[in-house]
1. Which value, in Å³ per residue, describes the convex hull spanned by the Cα atoms of the range 3-91?
2. From the phi of every residue in the range 3-20, what ³J(HN,Hα) in whole Hz does the Karplus formula 6.51 cos²θ - 1.76 cosθ + 1.60 yield, where θ is phi - 60° and glycine or proline is x?
3. Between SER72 and residues 5 or more places away or on another chain, which pairs have amide H atoms under 5 Å apart, with H built 1.01 Å from N, and which residues are they?
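Derivation of every value follows stated rules applied to the coordinates shown; laboratory data play no part. Treat the numbers as computed from the prediction; the structure is a model and nothing was measured.
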Amino acid sequence: MRHRIEILKPAGGGWEPRARRWAAMKPLLGRELYAALSAESPVRVKFSMRHAPGVAPGDRIVCRGAAYTVVSAQDVDGRGAETVCYCKEEWK
């Protein structure tokens, strides 16, 4: 986990900072990318981080000057150890 990200929540027509975390950012490759393309999904990036309760679809992640909209956020093993967010890129 080498990227510092900021998680933002929509608030009154703007964005409110919610948390800062260290995360791994990976483009979708192989089977994940093929599944996203076949479902006509806009998802292109996956962020993995320590458990981040409250992250939900529609939230925004800012990383390295680019913004990503969360399409899906999942607790990986159900134990509250790791959260994975699948995102689409909004702007650089």
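1. 98 Å³
2. Per residue, the Karplus-derived 3J(HN,Hα) values read 9, 8, 10, 10, 9, 10, 10, x, 8, x, x, x, 10, 10, x, 10, 7, 10 Hz.
3. TYR86
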